[in-house]
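Peer 1: This structure is in structure tokens; I'll ask about it shortly.
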Amino acid sequence: MKLLFFVLFLIVNLNAHVNVVCKAGIMDNIQAKKYINNLLKDEPKNIVCILKLANIHLKSGDLLKGYKLIARAYKINPKGVEQSSVSSILPYALEMSELARKAKKNNDPMLWNQIAANLFEMGVYAEAIKAYNKSLSIDKNQPKIRLQLALNYNKNNQIDESVDQLFTLVEQNENDFYANYYLGKILRYSITDEDSAVKYFKNAKKILENTKDQFQQREYSIFINDINQELGK
């Protein structure tokens with residue numbers, strides 16, 4: 001939540017200080033991006049305009065591009081960026097942009113997963129989805145990551161995509177407890193397919209009981225009680 005507050009803080013402050021310089025305040029995001037990018041062709045080291053462009057990306061939820069632009073401005077003029085309104089999120093922006101650079105350069109699924117997890121914690125589900133998909137495009141055999149992708153799709157109200165990922169998990173391993181459990185939840189509450197929901201809740205219960213030793217006692221109790229309620233027991 002603190003990081004999200006800092007992003008919002010950045011948006012407000014940048015809007016107040018750079019619209020006049022870049023003259024992009026009255027444009028929509030697409031027009032403003034084109035306008036500022038054209039300015040930067042002539043003034044590639046204009047950090048005010050770079051930060052304004054970063055602000056537009058952050059405001060539209062495209063955080064990684066926003067962070068990359070902040071890192072770009074910092075490389076040009078560290079002191080100027082440190083004294084700007086982005087100083088609150090500067091360390092995090094530099095960290096995330098460096099992670100993204102290494103992930104892309106090394107084609108590293110684990111780094112993409114780390115980026116996605118950070119974005120998920122911030123509630124930026126669309127960006128997390130992109131990062132998880134990049135990871136899975138490198139290594140498809142990551143059931144836990146595919147589950148996280150499905151949950152992000154669900155959080156982002158992309159229900160069909162979430163169900164598709166969960167079905168893929170069940171096809172790969174019919175004894176995947178979490179895939180069956182969350183299929184039951186989504187089928188019941190988002191798609192209202194009651195018969196299919198009951199089927200997957202029953203599967204989940206059977207798997208849970210057969211693998212009880214793999215769960216902590218409290219976790220097992222929470223799941224079994226919830227499933228029993230879903231099944232009307």
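The values are calculated or read from the model by the stated rules, or taken from the named source; none is laboratory data. Just so it is clear, the model here is predicted, and its values are computed rather than measured. In this analysis, Cβ positions are derived from the backbone assuming ideal geometry, glycine residues included, and neighbour counts consider all displayed protein chains.
Peer 1: Determine which member of the set Val170, Val198 is under 26 Å from the mean Cα position of the chain (by Cα), among the β-branched types (Val, Ile, Thr) and part of a helix (DSSP H, G or I).
Peer 2: Being under 26 Å from the mean Cα position of the chain (by Cα), among the β-branched types (Val, Ile, Thr) and part of a helix (DSSP H, G or I) holds for just one of Val170, Val198, which is Val170.
Peer 1: When the residues of segment 64-75 are narrowed to those that are surrounded by fewer than 24 Cβ atoms within 10 Å (Cβ to Cβ) and in contact (Cβ under 8 Å) with a residue 24 or more places away in the chain, which ends up nearest to Leu94 (Cα to Cα)?
Peer 2: Filtering segment 64-75 for residues that are surrounded by fewer than 24 Cβ atoms within 10 Å (Cβ to Cβ) and in contact (Cβ under 8 Å) with a residue 24 or more places away in the chain, the one nearest to Leu94 (Cα to Cα) comes out as Ala71.
Peer 1: So which pairs qualify, if the first residue must be in segment 76-92 and touching a residue at least 12 places away in the same chain (Cβ under 8 Å), the second must be surrounded by fewer than 12 Cβ atoms within 10 Å (Cβ to Cβ) and not β-branched (Val, Ile, Thr), the Cβ gap must be under 7 Å, and the two must be at least 6 apart or on different chains?
Peer 2: Leu90/Glu82
Peer 1: Sticking with this structure for a sec: Of all residues in segment 129-161, how many are over 25 Å from Asp108 (Cβ atoms) and within 14 Å of the chain's Cα centre (by Cα)?
Peer 2: Residues in segment 129-161 being over 25 Å from Asp108 (Cβ atoms) and within 14 Å of the chain's Cα centre (by Cα): 3 in total.
Peer 1: So which of Glu121, Glu127, Glu174 ends up being farther than 26 Å from Tyr220 by Cβ and among the charged types (D, E, K, R)?
Peer 2: Only one candidate passes the filter, namely Glu127.
Peer 1: Suppose we keep only residues that are buried (at least 19 other Cβ atoms within 10 Å of the Cβ) and among the small types (Gly, Ala, Ser) within segment 84-130. Which one would you say is farthest from Gln148 (Cα to Cα)?
Peer 2: Among those that are buried (at least 19 other Cβ atoms within 10 Å of the Cβ) and among the small types (Gly, Ala, Ser), it is Ser84.
Peer 1: Which ones in segment 1-56 are touching a Cys at 6+ places or on another chain (Cβ under 8 Å), among the aliphatic types (A, V, I, L, M) and modelled with pLDDT under 50?
Peer 2: Residues satisfying the conditions are Val18, Val21.
Peer 1: Now, a different point. Which residues, counting only those in segment 58-93, are under 16 Å from Ala128 (Cα atoms) and either touching a Cys at 6+ places or on another chain (Cβ under 6 Å) or in a loop (DSSP other than H, G, I, E, B) (or both)?
Peer 2: Of everything in segment 58-93, those that are under 16 Å from Ala128 (Cα atoms) and either touching a Cys at 6+ places or on another chain (Cβ under 6 Å) or in a loop (DSSP other than H, G, I, E, B) (or both) turn out to be Ser60, Gly61, Asp62.
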